[in-house]
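Each remark here refers to the structure printed beneath this line.
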Amino acid sequence: MNTALSGWSLWLALLGACIGTYVCRAIGVFFSKRINQDSEIFRWLAAVTYAMVAALTVRMILLPIGLLASVPIWIRILICALSIGVMISKPSRRLVPALLTGTLLMISFGVMR
């Protein structure tokens, strides 16, 4: 296979992906003023999005692959519970401290092991 042709085809694929992405974004910006964000379809899309994130998070905790699979399940669940506790305890600023808690606890478990 000609390497110059494969190089050009990669650049064309990247260009096509960029055009496709930015055309979709431009259409979204164009129509955003006409769309009611409180409509039923957007509430449904938000619910589906949250459900997908929750399902992927639970799958990652209970059925991990890779390096996370070497951590015992009770440690993963304990770290999640502690992170959720941090998130609930500080209602005004909850996301970053909860993420830091989970990350630092998992890193410390890896270092101590």
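Each value in this text was obtained by applying a stated rule to the coordinates, not by laboratory testing. Note that this is a predicted model, so its numbers are computed, not measured. Backbone-built Cβ (ideal geometry, glycine too); neighbour counts: all protein chains shown.
If you check Ser70, Ser32, Ser39 for being of a type in the set (Ser, Thr, Tyr) and closer than 19 Å to Arg113 by Cβ, only one passes: Ser70.
Does any residue of the stretch 49-71 turn out to be in contact with a helix residue (DSSP H, G or I) (Cβ under 8 Å, 6 or more places away or on another chain), surrounded by fewer than 12 Cβ atoms within 10 Å (Cβ to Cβ) and under 30 Å from Gly28 (Cα atoms)? Checked the stretch 49-71: no residue is in contact with a helix residue (DSSP H, G or I) (Cβ under 8 Å, 6 or more places away or on another chain), surrounded by fewer than 12 Cβ atoms within 10 Å (Cβ to Cβ) and under 30 Å from Gly28 (Cα atoms). The number of residues in the stretch 97-113 being β-branched (Val, Ile, Thr) and surrounded by 11 or more Cβ atoms within 10 Å (Cβ to Cβ) comes to 2.
Restricting Trp74, Trp8 to residues that are in a helix (DSSP H, G or I), loosely packed, with under 10 Cβ neighbours inside 10 Å and either over 21 Å from the mean Cα position of the chain (by Cα) or of a type in the set (Gly, Ala, Ser) (or both) narrows the list to Trp74. Kindly indicate whether Val86 is assigned to a helix (DSSP H, G or I) and surrounded by 11 or more Cβ atoms within 10 Å (Cβ to Cβ). Against the criterion (assigned to a helix (DSSP H, G or I) and surrounded by 11 or more Cβ atoms within 10 Å (Cβ to Cβ)), Val86 qualifies.
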